[in-house]
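To start, the structure itself, in C-alpha cells.
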Amino acid sequence: MFARSARSIASMARTRGATSTRSMSAVAARVIATPLYAKAGLALATAAAGTTIIATSNNKAAQCDALPVYGVPGTNQERTFLAVKPDGVQRGLIGDIIARFEKRGYKLVGLKMVWPTLEMAQDHYADLSKKGFYGGLCKFFSSGPIVCMCWEGKDIIKQGRQMLGETQPLASKPGSIRGDFSIDLGRNICHGSDSPEAAEHELKMWFPEGVNDWGKAVDSSVYE
Ligand code: RTP
Ligand code: MG
C-alpha cells in the first residue's frame, strides 16, 4: 500500500464535495485547554509540552496526539490501519469488528466513515496495480462508505492481520473475522495493514488530520 506517495484524503475529499467524508468521532480524552482554543477559533496549536492540539470552532472537536500518526512500532504504542470495507458496512458488521479489537484489549485511537473516490481506492491498493483483479477491487472499494480505524497496542499490526484471518475467507479459521463472517475472496469485509511500512503509509493517507492519544484506564489490567 505504499508504492505511491501518500495523497491527502482531505484534498481528495474536497474534490468530491463536503458530504463525502463524515467524522464519526473526534473526541479526545486528553483535552488540553480546548474550550479556550476552540473559542478563539484556533485551528492548530502546539502546546509548550510538545503535544499537538487540533481544534476547530465548527464542531468544537479537539485531537491530541504527541506521537506520529503511525505510533511507535515495536512498542505498546504500535498502530495499524484497519478498515471495514463497503461489504462489511452493508452487512452491519461495523460493531462486531470493532468489538473484537476492543475486547482483546486494543485501543481505538482513530475512527471515521469515508466514502472513497475511485482515485483513493487506487492509491490505497497501488501495490496491486499490476494484478488482474485491481480494477474490480478498486471499483468495489469505492462503491460505498468504509469505516477507517486506527488501532493501537502491542504487536497490533501482526495481531490485527491474524484477527482478520486469511485473505481467502474459505481458508480462514473459525474465530477469525473473515472466517466467521465472510465466504468470497472479493467480499472479505475488512482490511488490515500488512507491515509497519504499510501501516505508516496508510495511516498518513487515511488520517491526515491525526488521531487521538488517550489514556486507557484499564491498560494496567491488559499489560503487565
Ligand atoms: P486487504 O489488503 O484488503 O486487507 O487484503 P489482503 O492484504 O489480505 O490481500 P491483498 O493481497 O492485499 O488483496 C487485497 C484484496 O484484493 C482482493 N483479492 N482478490 N481475485 C483475486 O485473486 C484476489 N486476490 C485478492 C481481496 O478482497 C483482498 O482482500
Ligand atoms: Mg493487503
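Values computed for the structure shown
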{"read-out": "Set I189, I177: member being away from ligand 2 (no atom under 14 Å from the Cβ) and either touching a Phe, Trp or Tyr at 6+ places or on another chain (Cβ under 6 Å) or of a type in the set (A, V, I, L, M, F, W, C) (or both)", "value": "I177"}
{"read-out": "Tally of residues being under 23 Å from S176 (Cα atoms) and buried (at least 19 other Cβ atoms within 10 Å of the Cβ) across segment 62-88", "value": "11"}
{"read-out": "Test: residue in segment 185-203 that is surrounded by fewer than 19 Cβ atoms within 10 Å (Cβ to Cβ), more than 11 Å from ligand 1 (Cβ to nearest atom), modelled with pLDDT of 95 or more and within 30 Å of S220 (Cβ to Cβ)", "value": "yes"}
{"read-out": "Of all residues in segment 172-184 being surrounded by 15 or more Cβ atoms within 10 Å (Cβ to Cβ) and not polar (S, T, N, Q), the one that is nearest to ligand 1 (Cβ to nearest atom)", "value": "R178"}
{"read-out": "Test: residue in segment 159-171 that is surrounded by 21 or more Cβ atoms within 10 Å (Cβ to Cβ), away from ligand 2 (no atom under 16 Å from the Cβ) and at pLDDT 95 or above", "value": "no"}
{"read-out": "The listed residue being within 14 Å of the chain's Cα centre (by Cα) and more than 21 Å from V72 (Cβ to Cβ), out of H124, H201", "value": "H124"}
{"read-out": "Segment 109-132 residues that are within 21 Å of G95 (Cβ to Cβ) and at pLDDT 95 or above, paired with ones that are assigned to a strand (DSSP E or B) and among the polar types (S, T, N, Q) (beta carbon under 6 Å, 6 or more apart)", "value": "V114/T21"}
{"read-out": "From T167, T117, residue being within 10 Å of ligand 1 (Cβ to nearest atom) and polar (S, T, N, Q)", "value": "T167"}
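The values are calculated or read from the model by the stated rules, or taken from the named source; none is laboratory data. The model shown is predicted, which means the values in this text are computed figures rather than measured ones. Positions of Cβ are generated from backbone atoms using ideal geometry, with glycine treated the same way; all protein chains shown enter the neighbour counts.
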